Amino acid sequence: MIEIGKRDIQRLAKHFGITYDQAEARYTVFRKAEKVRALRKQNDPNFGKICKLFDTIKRQCTVYAARPTVCKSYPDGKRCGYYDFLKFERSHQNEPDYVATTQHHL
Ligand code: SF4
């Protein structure tokens, strides 16, 4: 799950030239169980599900300059840090269906 805040949504809205409400509806979803807003996901042949803003052909982020704050916390590079994280977890878990999360543990 990629948690997203108001500034992140504002940045995406500006990036796509749409309103805040449009960006929120199009790219995010409120997850009742965790009580947080997160980026929507799409189907992915490698991972089952991955961020909706990920280009599943080129295997990279489509909004890199406007990516959410949580994505910026991953080590730098021109690729999606979350994708790299999934790859890393997958190779270490050796479980093809393993899906990592970015939840914070209190
Ligand atoms: S860096 Fe990855 S997780 Fe973040 S918005 Fe881009 S594709 Fe999505």
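Tabulated data
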| item | result |
| --- | --- |
| Arg31 vs. criteria more than 20 Å from Lys87 (Cα to Cα), touching a residue at least 24 places away in the same chain (Cβ under 8 Å) and either touching a strand residue (DSSP E or B) at 6+ places or on another chain (Cβ under 9 Å) or surrounded by fewer than 12 Cβ atoms within 10 Å (Cβ to Cβ) (or both) | yes |
| Any pair with Cβ under 7 angstrom, 6 or more apart, that starts in region 1-27 at a residue that is free of Cβ contacts under 8 Å to residues at least 40 places away in the same chain and under 15 Å from Leu53 (Cβ atoms) and ends at one that is surrounded by fewer than 19 Cβ atoms within 10 Å (Cβ to Cβ) and polar (S, T, N, Q) | Ala13/Thr19; Ala13/Gln22 |
| Scope region 34-69; condition among the acidic types (Asp, Glu) and either away from the ligand (no atom under 11 Å from the Cβ) or not in a strand (DSSP E or B) (or both); matching residues | Glu34 |
| Search result, residues across region 63-81 that are in contact with a strand residue (DSSP E or B) (Cβ under 9 Å, 6 or more places away or on another chain) and at pLDDT below 85 | Lys78, Arg79, Cys80, Gly81 |
| Filter pass, Phe54 being surrounded by 13 or more Cβ atoms within 10 Å (Cβ to Cβ) and modelled with pLDDT under 95 | yes |
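The values are calculated or read from the model by the stated rules, or taken from the named source; none is laboratory data. The model shown is predicted, which means the values in this text are computed figures rather than measured ones. Counting neighbours? That spans all protein chains shown, and the Cβs are built from the backbone with ideal geometry, glycine included.
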